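Report on the following structure.
The values are calculated or read from the model by the stated rules, or taken from the named source; none is laboratory data. The shown structure was predicted, so the numbers you read here are calculated from the model rather than taken from an experiment. Heads up, the Cβs are rebuilt from the backbone with ideal geometry, glycines too, and the neighbour counts pull from every protein chain shown. Quick note on the areas: whole protein, heavy atoms, side chains included, nothing else; ligands and nucleic acids left out. Shrake-Rupley method; radii C 1.70, N 1.55, O 1.52, S 1.80 Å.
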Amino acid sequence: MDEHEVPTHVQAEDRVLLWFTFPQIVALTAVAALAYGVYQIAPFGPEAVRVGLGLVFALVGVALIVGRVGGRRLPAVAADLMRFGFGTRRFAGSPVQLVRAEPPAPPVKRGAVILDPETAGSASPGAPAATQEAVEIVTQQAASQLGPIRRGARKLANLKRSPRPRTRGERMPLRPRNWFRKRDTKQQAKREYDDARQTIAREQREHRSSWWPRVLGGAAALAVVASVVICCPPLASADDGEQETWTSDEIEFDPPPLIPGRRLFIERLTVTASAATVVLKAAANLEVEVRAFGGADGREPKFQRENTLGQGGRLSYLLPLDGPVPSFTFAWRDEHAQAGALSLAGDQLPYPLPAVEGELCDLQIVSLIWRPDRIEGGVRSGCVATLEERVELQTAAGYRALSQTTLLQAQVTRVSGTLTVAAGGHETTALFVPDGETRFTLAQPAESGILAVEITTELSADLRIALPPLVQLTHHPRWVEHRTETVTLTRPGTTQTVTETIIVADPDGKPIPWTVSSTLSIPSADVQKDVTLEIVHDEHVRAELVQRPDLSKTRSESLSLVSAIASDDAYRALLVEQQPERPVSIQTRLSDAELDELFQILGWGP
């Protein structure tokens, strides 16, 4: 017959008083005692202060014991928050340590006992424990015997024989020997059961009497232990096996066995300045829920979508990059009642894309793409047309030579260089494109982890610098110079009138005055004349400006950009081993010979 298990293994706590469980009542009692101790023993402050401290301690203790958030107690919620805030976010070892050399062993079912079939004959016929062992031995032996023996073993495993169908008027065979043996077995089992119950009750009373002195000591060490457990999160270890069960303080649940294998793979991850494109590929039939978070603290929902994917199907999502710490989650549920999730956050997303400013060019990564076999990306550059160049310039030559360091305006005629990309032990180069976008492709095998991408650019610029004229200095000693020059003078013109009065006698001899006027005029004219000058020169230096050709120069520069991007394993379809169908149980009645054979195996025969 098919076995059935009564669901009594959930270990749900009973409510003893009102809505409080027994552990909560004990904890509340301990908190009340400690609060009274704070009020009674506090060595400072008046009575009102001590009463307030006791009340605060009591309220905090009651909140920690009774308070719940989403059905979970406050200490558990606080512990999870502290572990999430201060715990490790990624495995510090190499990815090889996480690979299993062999699949995990299946979980052992509770209560299963494997015995040696050879010990079946030495079991005591009157002991219930021996009976149980014998039944299990028969069950195991019957698995390798013929059909009737196997069915008989299954009947005996239930410790209850199926009722024998009888026809009207038919009487069961009289077997008093079996009746007395069964009755004696039942009575002995009942006596052992009563003795076991009394022993358990006595142990519980002794345990309760010795439990109270431990409460005060445990409450005193509670703060220290909680701080150590919360602030020191456990480290991930590749040697730790997977937990077969999930347990808590209130419930113990045995989940169905996990089906190993990846369900969801990331086939492409593209990050740009404001958005990310994620291409998912399903290894089984899945229901996928995608969420994107952003905002100031990185917890504000920005995108949510649910889709259904068949095995080998793909879906592409354009997800926003919002806030300083965006993150993505990809939750899935498959057809085998299994669930899981992937996440992208932190160093897995190269956001914001790095940029660097140089003297010759400014560089910025505008896109970074991960594929299972390569990494692609683009670097945009903006180069300067003019810049100031430091030049050791000669300003004077000849009689006196002078030089000084000065900054001159230089024209950038050409920028060239190479772009080197390194990631995961692989490296590639590309020709640098000034004032444009330089694309690169780096071959990279698929492997789950975080790839550090380092981009190094070696630049060289040709400069043309216009130099100012050179001052040529010439020294001259003292000498006398006679210089003859023709001087042109301009004579101005003038006009003058002369008036004179004379006395003339008339015929009668009488004097008569007579006025006579005359006008004189001289015209203007240019008069040239040679003049000899004597010039005395003292010792002096003469300067002359000499034009110089343009100066050609080369300037080199090295710029680095560092980023990181998540990578995933290569796609593998999920292959689930089909469990053989359980045969239908058929009840048949054993013959007398078969029953005698089974009783002889169990040691019940004469």
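Say each of Arg299 and Glu427 gets a label point 7 Å from the Cα, pointing the same way as Cα to Cβ; how far apart are those two points in nm? Each label point lies 7 Å from its Cα, and together they span 4.5 nm. The length gained by stretching the chain between Ile465 and Ile259 to full extension, at 0.36 nm per residue less their Cα-Cα distance, is 66.9 nm. Carbon-plus-sulfur accessible fraction, region 306-374 (probe radius 1.4 Å, protein heavy atoms only): 47%. Ligands, DNA and RNA are left out, and with a 1.4 angstrom probe the accessible area of region 395-464 is 53 Å² per residue.
Put a dot 7 Å past the Cα of Thr497, heading toward its Cβ, do the same for Asp592, and the two dots end up 19.3 nm apart.
The phi-based Karplus calculation (6.51 cos²θ - 1.76 cosθ + 1.60; θ = phi - 60°) puts the 3J(HN,Hα) values of region 590-597 at 7, 7, 5, 5, 5, 5, 4, 5 Hz, whole numbers, x for Gly and Pro. Cβ-Cβ distance of Ala355 and Thr456, R₀ of 22 Å, FRET efficiency by 1/(1 + (r/R0)^6): the value works out to about 0.90. In loop segments of region 387-425 as defined by DSSP, the trypsin sites (Lys or Arg not before Pro) with at most 12 further C-beta atoms inside 10 Å of their C-beta are Arg400.
Per residue, the accessible area of region 262-344 comes to 46 Å², computed with a 1.4 Å probe over protein heavy atoms only. Highest average first, the peptides 372-383, 522-533, 281-292 ordered by how many other beta carbon atoms sit within 10 Å of their residues are 281-292, 372-383, 522-533. Counting Lys and Arg as +1 and Asp and Glu as -1 over every other residue whose Cβ lies under 9 Å from the Cβ of Leu459, the net charge comes to -1.
Compared with the rule-of-thumb size 2.2 N^0.38 Å for a compact globular protein, region 510-606 has a Cα radius of gyration ratio of 5.64. Taking every protein chain into account, the accessible area of region 470-606 amounts to 80 square angstrom per residue (probe 1.4 Å). Listed values for region 373-381 are Karplus-derived 3J(HN,Hα) couplings in whole Hz (6.51 cos²θ - 1.76 cosθ + 1.60, θ = phi - 60°), namely 10, 6, 10, 10, x, x, 10, 8, 10, and x replaces Gly and Pro. You can think of it this way: the chain between Arg83 and Glu47 has 9.0 nm of extra reach, that is 0.36 nm per residue less the Cα-Cα gap.
Residues of region 454-483 with amide nitrogen under 14 Å from the 7 Å Cα-to-Cβ point of Glu539? Counting only backbone N, you get 475-479. Apolar share of the accessible surface for region 421-508: 52 percent from carbon plus sulfur atoms, 1.4 Å probe. For the pair Asp373 and Gln472, the difference between a 0.36 nm per residue extended length and the Cα-Cα distance amounts to 28.9 nm. Each of Ser567, Gln528, Ile503 was scored by the projection of its Cα onto the charge dipole of region 493-606, and the greatest displacement toward the positive side belongs to Ile503; charges sit on the C-beta of Lys, Arg, Asp and Glu.
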